[in-house]
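The next block holds one structure in the form of structure tokens; read it before the comments.
The numbers here are math on the coordinates, done by the rules we state, and not lab data. Just so it is clear, the model here is predicted, and its values are computed rather than measured. All Cβ positions, even for glycine, are placed from backbone atoms using ideal geometry, and neighbour counts span all protein chains on display.
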Amino acid sequence: MSDLQRAFAKSRLTSLPTMPPVMFDEAEEQADRFDTELQQDDDSSSASSASSASSTGTIIPSQNQKLFARPHGSPNKRTMEQIPWTTYFERELFLESTSTSMTIVHHAYLTSPVGTAPLFVMHHGAGSSGLSFAALTAEIRKRLPSAGILSLDARGHGSTQINPEQDILDLSLETLGADLLSVIDKTKTRMGWKDLPPLILVGHSLGGAVVTDVAKGGKLGNAVLGYAVLDVVEGSAIDALQSMQTYLSTRPVGFPSLESGIEWHIRSRTIRNSTSARTSVPALLKHDEEIRSSRQWTWRTDLAATQPFWEGWFVGLSKKFLEARGGKLLLLAGTDRLDKELTIGQMQGKYALQVFPEAGHFIHEDLPEKTAMVIVDFYKRNDRSALVLPPKVSDMLRAGKKV
């Protein structure tokens with residue numbers, strides 16, 4: 001290059017604006033490297049983990065986004081706060097029954113049906129309460145706003161009281177079935193219903209055995225359109241009883257606060273839906289100030305004391321489930337729970353089966369939206385008022401029509 005060319009190029013460069021030096025961005029390089037590593041993830045990880053990871057890998061944070069900043073306040077206290085029953089139900093009922101030896105006041109939650117809408121009657125499992133169906137109640141009424149919900153606390157559970165207190169609580173299947181019939185009848189009287197609305201009986205675990213036994217007994221007559229059983233079948237239930245004491249021995253004997261009890265249910269994945277846990281768990285615990293320890297919130301129901309009744313709850317369940325009158329729905333968390341009798345019945349089309357493999361034992365709490373969709377659809381398929389029957393031959397003859 002000649003001297004003249006060098007002088008010309010120098011004059012051109014000095015007239016351009018000064019550019020800032022290029023700085024090395026370590027955080028951006030790490031983000032790029034992290035994204036590349038995610039794309040090389042192997043197939044051994046779960047589908048949910050892979051989905052979560054791949055979504056994370058596409059995020060490139062800017063300098064003004066404090067993605068890893070500590071949130072203000074105490075997140076545990078905020079997210080573990082109890083949700084009151086009034087969020088889900090219209091009223092609570094206290095229904096008294098008196099016998100020669102005791103008085104029992106059954107506690108139940110009720111939202112009344114409107115017009116000819118159905119009443120979903122809910123019975124919880126052992127150690128649970130009527131509020132275990134709270135989240136499901138909200139989802140059912142989103143899809144069927146005129147529907148009614150009746151969810152009771154079984155004896156020895158929730159806010160149901162027995163006076164005088166019994167040394168040995170009778171939780172036999174026969175007694176629990178009689179209690180359910182009494183609650184339905186007393187609710188009808190209390191609410192001034194001339195007739196029972198169309199009923200869909202829904203039971204979880206032990207509650208599934210109770211509603212099946214009631215449906216098989218036929219004392220509710222034609223009012224029962226059908227019954228739904230959630231995650232319980234005879235074979236697997238009886239097998240699970242052998243490890244029940246082991247499970248109970250691993251459970252905490254108490255909690256320092258109500259919030260810590262809720263947190264344990266979520267962290268242990270006993271209940272996988274935090275909203276449902278914040279609603280249902282408080283009814284499972286009671287505060288005992290006489291306990292001289294930091295764990296004054298203890299279990300309301302002594303599950304170990306119910307052991308004499310365990311086998312009686314489930315023996316013969318599959319046979320009764322298939323033989324009782326009305327529509328039949330079985331919701332399970334896995335097909336491995338089906339025993340031989342139910343497998344044959346399902347192949348013969350004797351009942352509807354829905355499986356939610358992503359749920360735990362508390363299907364209706366883990367997946368209230370999906371459970372509600374199935375149950376509402378089950379009601380619609382068994383709703384007799386929607387049936388259009390052909391005219392009777394005698395009526396056509398009287399009207400002068402040719403047959």
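Summary of packing: across the peptides 166-175, 182-191, 199-208, 112-121, the per-residue average of other C-beta atoms within 10 Å ranks them, highest first, as 199-208, 112-121, 182-191, 166-175. Label sites at Glu92 and Ala304, each approximated as a point 7 angstrom past Cα along Cα to Cβ, lie 2.9 nm apart.
Sorting 347-358, 308-319 by their mean Cβ neighbour count within 10 Å, with the most densely packed peptide first, gives 308-319, 347-358.
The phi torsions of the stretch 329-342, fed into the Karplus equation with coefficients 6.51, -1.76 and 1.60 and a -60° offset, translate into couplings of 10, 10, 10, 10, 8, x, 5, 5, 7, 5, 8, 4, 5, 6 Hz, rounded to whole numbers, with Gly and Pro shown as x. Packing-based ranking of 257-269, 126-138, 274-286 yields 126-138, 274-286, 257-269, ordered from highest to lowest mean Cβ neighbour count within 10 Å. When its C-alpha radius of gyration is set against 2.2 N^0.38 Å (N residues), the stretch 85-382 gives a value of 0.95.
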